[in-house]
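Written out below as structure tokens is the structure these notes cover.
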Amino acid sequence: MAEFQVDVADPEDGATYQFEVDGQTANRFVGREIGEEIDAGSLGLSGYTVELTGGTDNAGRPMRSDVAGPELSSVLLTGGVGFDPTVEGERKRVTVRGREVGTDTRQINAKIVDHGNQPVEELIGGE
């Protein structure tokens, strides 16, 4: 059964909210891809819409939007998510996850793209 930590960023105030999801709620994320917009009602944020921006698997390997599927892939990178070159022209082969959320995903990053009527603090109980 899938179990995730969903980190939701609010670009308006810079705050980040963390949610632990499992069971049926987590299954709503499986098969979704980076860039997709999802109704955040399953996270307790009724009226809000979030966009998936990335994530990591159980070993900390990042998801990349330019790699298809949920599987591991070894790609040659010149920079971006998963590799920060130290000298100009440096390349490195790195193992990353694809852009699709799978059962091996442990953390999902998202940002709020459409705000609801109530503030997030009221919906999550003032945390």
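The values are calculated or read from the model by the stated rules, or taken from the named source; none is laboratory data. Keep in mind it's a predicted model, so treat the numbers as computed, not measured. Methodologically, a virtual Cβ is constructed for each residue, glycine included, from the backbone with ideal geometry; neighbour enumeration extends over all protein chains shown. SASA here: full protein model, heavy atoms, side chains in, ligands and nucleic acids out. Shrake-Rupley method; radii C 1.70, N 1.55, O 1.52, S 1.80 Å.
Being of a type in the set (S, T, N, Q) and touching a Leu at 6+ places or on another chain (Cβ under 9 Å) narrows it down to one of 46, 73, so name that one.
46
Being within 21 Å of the chain's Cα centre (by Cα), assigned to a loop (DSSP other than H, G, I, E, B) and closer than 19 Å to residue 49 by Cα narrows it down to one residue among 69, 79, 116; which is it?
Exactly one residue qualifies, and that residue is 116.
Table: residues versus (1) in contact with a strand residue (DSSP E or B) (Cβ under 8 Å, 6 or more places away or on another chain); (2) among the aromatic types (Phe, Trp, Tyr); (3) more than 20 Å from residue 125 (Cβ to Cβ).
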residue	(1), (2), (3)
17	yes, yes, no
22	yes, no, no
25	no, no, no
48	yes, yes, no
61	yes, no, yes
73	yes, no, yes
86	no, no, yes
91	yes, no, yes
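Going by the conditions given, is residue 49 within 15 Å of the chain's Cα centre (by Cα), polar (S, T, N, Q), open to solvent by 50 Å² or more (accessible area, probe 1.4 Å) and within 23 Å of residue 119 (Cα to Cα)?
no
Taking the condition of being farther than 9 Å from residue 96 by Cβ, aliphatic (A, V, I, L, M) and touching a residue at least 24 places away in the same chain (Cβ under 8 Å), how many residues in segment 49-80 meet it?
3
For the subset of segment 81-114 comprising residues that are open to solvent by 60 Å² or more (accessible area, probe 1.4 Å) and in contact with a Phe, Trp or Tyr (Cβ under 8 Å, 6 or more places away or on another chain), which member is modelled with the lowest pLDDT?
Applying the filter and picking the extreme gives 114.
For segment 1-44, which strands (runs of 3 or more DSSP E) that fit wholly inside it have 3 or more residues that are crowded, with 17+ Cβ neighbours inside 10 Å?
It comes to 3-9, 16-22.
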